[in-house]
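To start, the structure under review is shown below, and the notes come after it.
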Amino acid sequence: MTEREIEITLNGRRRKFRAKPNELLINVLRDRFSLTGAKYGCGLGECGACTVLVEGKPVLSCLTLAVSMDGHDIRTIEGLGDEKLDPLQESFLEHGAVQCGFCTPGMIMTARSLLDGNPSPSEEEIREYLRGNLCRCTGYQGIIQAVKHCNEKNRAGGGAA
Amino acid sequence: MQPNSRFLAQEFEYLEPGTVDEALALLDRYRGASPRILAGGTDLIIRMKTGALRPEQIVSVGKIPELQYIAPDNGLRIGAVTPLSRLERSPEVKGGYSALYEAVRSMAAPAVRNMGTIGGNLCNASPAADTGPPLIAFGATCTLSSLRSSRVVRVEDFFVGPGRTLLAPGEMLTEVQLPPLPACSGSSFLKIGRVSADIAKINLAVYLEREGETCSLCRIALGAVAEKPIRATNAENLLFGLRPDSGVLKELARMAGKEVRPITDVRSTAEYRVDVCQVMVEEAIRAAWARSGGGPIR
């Protein structure tokens, strides 16, 4: 198998790397770029722990060949917020939406894309959208509240969403 | 080594055509070998991780924009590599082909629908493929193209068995065609799974046309209850020319229960599938009838 030269935009920066065709995006992110936020949970597309955003849309990195990402824009949990946390991350902290934290990067990336398209989702819309992200610890309530109130809080505080 | 889902142990040649012609040329060149098309990867990569499939060549079609479209054209033409999430957002699909919209909404989760494509769902040919029953119920067709020719087949005939389709070596699915629907028509899709993101224990779609108070056409397509999605043609015929009422529906549901040939597997038993598909058939007909503008069914 011949290695291919791949160029991506990763968390806002242009990055080049070489990969064999059978390398998965999750392993390139974790091992090559040390971005260990995306987690290996099931490897079969059922848990959502490996979720990253490609062109702003949630994608499962455990089922994505790294070589297919040439020319794409990828954002991981490490690419949210800059000096301050993203408002959604703040909301997760405030609402007790994190216990062991394993599902959290996937949850946040998925929810981030939901809020980008729909700033005030209903609880039902949130549950529907997050149904591919499994959590063993929290029972989901804190997560849903965190997503639901993320932008409400900001509006109440007078800041931009 | 044991199958492992943490990484992909298999080695293969990765090919990334930029146009349909390039893709067909590659498939033709490797027709004696074992190429597989990679679209969203949500089925193929899993099957390769578990060792169920061992392609020697992967022809990745994700960078062929000319295969991603939803075009109104005396009905609807859909490019094979169109992601399911795009179908979900399409006003033509949601407004015109309810059963297909409902089916796509029922699939997995947003991330999987961003990756997965309508062509991939058909070509993976799981007997539980959710786009199968609605496309069959609408009488949809699909184009199978090769370097030298192309042919159009009914989606109903495209499925041959579990993981098997009509695709010949060198052929790829390029388009799905949905016929235009008359005003007094309605459709419905139902799926039962363990949880909302699951593969179906049973899925089915009903499409019917109404003339005044009677049903002039009815198609019932069921998935996960046979080796491929099937039509319950005997059940369908019971409704033809009749005004639907509870008695007819009970008869029809019972007939559908006789036409399915399910197995017992990890998701459900054959007995459950026979029993519950009857309930679902009745419910789907009631919904499709209401959507066609039909009055209440007594």
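The values are calculated or read from the model by the stated rules, or taken from the named source; none is laboratory data. For clarity, every value in this text was computed on a predicted model and none was experimentally measured. A quick note on method: Cβ atoms are made from the backbone with ideal geometry, for glycine too, and the neighbour counts reach across all protein chains shown. The area values use the complete protein model at the heavy-atom level, side chains included, leaving out ligands, DNA and RNA. Shrake-Rupley method; radii C 1.70, N 1.55, O 1.52, S 1.80 Å.
Against the test of being at the interface with chain B (Cβ under 10 Å from one of its Cβ atoms), surrounded by fewer than 16 Cβ atoms within 10 Å (Cβ to Cβ) and part of a loop (DSSP other than H, G, I, E, B), the options A:Gly45, A:Gly71 yield a single qualifying residue, A:Gly71. Here B:Ala71, B:Ala103, B:Ala99 are screened, and the one residue that is outside any helix (DSSP H, G or I), under 30 Å from B:Leu208 (Cα atoms) and open to solvent by less than 50 Å² (accessible area, probe 1.4 Å) is B:Ala71. Only one entry in B:Ala270, B:Ala290, B:Ala284 is hydrophobic (A, V, I, L, M, F, W, C), surrounded by fewer than 19 Cβ atoms within 10 Å (Cβ to Cβ) and under 19 Å from B:Tyr97 (Cβ atoms), namely B:Ala290.
Scanning for something in contact with a Gly (Cβ under 9 Å, 6 or more places away or on another chain), assigned to a loop (DSSP other than H, G, I, E, B), of a type in the set (Val, Ile, Thr) and more than 9 Å from chain A (Cβ to nearest Cβ), does the range B:39-62 turn up at least one residue? Yes, the range B:39-62 contains a residue that is in contact with a Gly (Cβ under 9 Å, 6 or more places away or on another chain), assigned to a loop (DSSP other than H, G, I, E, B), of a type in the set (Val, Ile, Thr) and more than 9 Å from chain A (Cβ to nearest Cβ).
If only residues of the range B:21-46 that are basic (Lys, Arg) and free of Cβ contacts under 8 Å to residues at least 40 places away in the same chain are counted, the one that is most open to solvent (accessible area, probe 1.4 Å) is B:Arg29. Against the numbered list (1) touching a Leu at 6+ places or on another chain (Cβ under 8 Å); (2) within 30 Å of B:Arg267 (Cα to Cα); (3) in contact (Cβ under 8 Å) with a residue 60 or more places away in the chain, B:Pro162 comes up short only at (1). Within the bounds of the range A:80-87, is there any residue that is more than 12 Å from the chain's Cα centre (by Cα) and within 13 Å of chain B (Cβ to nearest Cβ)? No: the range A:80-87 contains no residue that is more than 12 Å from the chain's Cα centre (by Cα) and within 13 Å of chain B (Cβ to nearest Cβ). I'd like to check something: does the range A:90-99 contain any residue that is modelled with pLDDT of 95 or more, within 18 Å of B:Ser60 (Cβ to Cβ) and touching a Leu at 6+ places or on another chain (Cβ under 9 Å)? Checking the range A:90-99: not a single residue is modelled with pLDDT of 95 or more, within 18 Å of B:Ser60 (Cβ to Cβ) and touching a Leu at 6+ places or on another chain (Cβ under 9 Å).
Select, from A:Arg18, A:Arg112, the only residue that is basic (Lys, Arg), outside any helix (DSSP H, G or I) and modelled with pLDDT of 95 or more. Selected residue: A:Arg18, the only one of A:Arg18, A:Arg112 that is basic (Lys, Arg), outside any helix (DSSP H, G or I) and modelled with pLDDT of 95 or more. Only one entry in A:Leu134, A:Leu115 is within 14 Å of another protein chain (Cβ to nearest Cβ), farther than 12 Å from B:Pro110 by Cβ and open to solvent by 70 Å² or more (accessible area, probe 1.4 Å), namely A:Leu134. For B:Ser5, the conditions (1) touching a residue at least 40 places away in the same chain (Cβ under 8 Å); (2) in a strand (DSSP E or B) all hold with the exception of (2). Across the range A:54-68, the qualifying residues are those that are open to solvent by 10 Å² or more (accessible area, probe 1.4 Å) and more than 9 Å from chain B (Cβ to nearest Cβ), and the one among them that is nearest to the chain's Cα centre (by Cα) is A:Gly56. Taken over the range B:77-96, the criterion of being of a type in the set (Gly, Ala, Ser), part of a helix (DSSP H, G or I) and either without any contact (Cβ under 8 Å) to a residue 24 or more places away in the chain or more than 14 Å from A:Lys57 (Cα to Cα) (or both) is satisfied by B:Gly95, B:Gly96. Checking the conditions here, which among B:Gly193, B:Gly170, B:Gly223, B:Gly163 is open to solvent by less than 50 Å² (accessible area, probe 1.4 Å) and within 14 Å of chain A (Cβ to nearest Cβ)? Of B:Gly193, B:Gly170, B:Gly223, B:Gly163, the one residue that is open to solvent by less than 50 Å² (accessible area, probe 1.4 Å) and within 14 Å of chain A (Cβ to nearest Cβ) is B:Gly193. Selection within the range A:94-106: residues that are more than 12 Å from every other protein chain (Cβ to nearest Cβ) and in a helix (DSSP H, G or I). The member of this set that is farthest from A:Ala49 (Cα to Cα) is A:Glu94.
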